[in-house]
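J.: Pasting in a structure now, in structure tokens, and then I'll have a few things to ask.
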Amino acid sequence: MKQTVWVVVGLGLWVCACSRDPTPTSSESSTVLTVGDMKSLASLDGGAQLYLEHCAQCHGPEAEGHPDWQTPGVVAAPPLNGTGNDWKRSRAQLMASVRDGMKRDGELVMPVWNGRLTDAQIADVIAWCQTLWPPEVYAQWQKTAAGGG
């Protein structure tokens with residue numbers, strides 16, 4: 001499980017380094033990562049740790065979900081790696097589902113994390129899960145659901 005965290009952090013460092021213009025301007029230093037980049041990576045690392053601590057027991061160590069998540073009548077945690085329905089929800093809906101829990105037929109099927117995790121921690125967990133989404137899924141989410149309510 002910790003190996004996944006470091007793979008994600010390494011991938012984040014690589015993405016940050018590769019996404020920057022290789023030609024520094026006069027106002028840029030030779031450092032590839034900015035303070036903002038480092039804060040983002042720290043948030044992802046924190047999100048990964050929180051996920052492993054609080055979410056992996058139901059959603060799986062790689063956010064793959066329970067195999068029976070689509071079986072009618074079975075309450076099972078869905079995948080959060082972009083292969084389920086999570087990408088169809090707006091950022092606000094994703095935050096609310098974690099903060100307020102999820103109910104099915106009036107029964108709580110996902111715990112309420114409000115009071116146990118801060119909004120910033122919830123956002124970090126969601127951001128980490130989104131690093132697992134295939135690029136085309138994330139791009140589609142950005143076009144259709146990212147900002148919507």
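The values are calculated or read from the model by the stated rules, or taken from the named source; none is laboratory data. All values reported here derive from a predicted model rather than from experimental measurement. Every residue, glycine as well, gets a Cβ built from its backbone with ideal geometry; the counts of neighbours run over all protein chains shown. Just so you know, the surface numbers come from the protein's heavy atoms only, side chains and all, with ligands and any DNA or RNA stripped out. Shrake-Rupley method; radii C 1.70, N 1.55, O 1.52, S 1.80 Å.
J.: Exactly one of (1) without any contact (Cβ under 8 Å) to a residue 40 or more places away in the chain; (2) open to solvent by 40 Å² or more (accessible area, probe 1.4 Å); (3) within 16 Å of H59 (Cβ to Cβ); (4) in contact with a helix residue (DSSP H, G or I) (Cβ under 8 Å, 6 or more places away or on another chain) is unmet by M102. Its number?
T.: (4)
J.: Could you go through segment 102-123 and let me know if any residue there is among the acidic types (D, E) and touching a strand residue (DSSP E or B) at 6+ places or on another chain (Cβ under 7 Å).
T.: The answer is no, given that none of the residues of segment 102-123 is among the acidic types (D, E) and touching a strand residue (DSSP E or B) at 6+ places or on another chain (Cβ under 7 Å).
J.: Which of the residues belonging to segment 66-102 are in a loop (DSSP other than H, G, I, E, B) and within 17 Å of G47 (Cα to Cα)?
T.: The answer is P79, L80, N81, G82.
J.: If you don't mind, another one. Can you tell which of W128, W133 is closer than 21 Å to A42 by Cβ, aromatic (F, W, Y) and without any contact (Cβ under 8 Å) to a residue 60 or more places away in the chain?
T.: It is W133.
J.: Here are some conditions: (1) touching a Pro at 6+ places or on another chain (Cβ under 8 Å); (2) open to solvent by 50 Å² or more (accessible area, probe 1.4 Å); (3) touching a residue at least 40 places away in the same chain (Cβ under 8 Å). H66 meets all but one. Which one does it not meet?
T.: The single condition H66 does not satisfy is (3).
J.: In segment 109-149, what residues are buried (at least 19 other Cβ atoms within 10 Å of the Cβ) and either touching a Pro at 6+ places or on another chain (Cβ under 9 Å) or in a loop (DSSP other than H, G, I, E, B) (or both)?
T.: Hits for segment 109-149 are W113, L132, W133.
J.: Of the numbered conditions (1) at pLDDT below 70; (2) among the hydroxyl-bearing types (S, T, Y); (3) under 14 Å from the mean Cα position of the chain (by Cα), S19 fails exactly one; give the number of that condition.
T.: Result: S19 passes all but (3).
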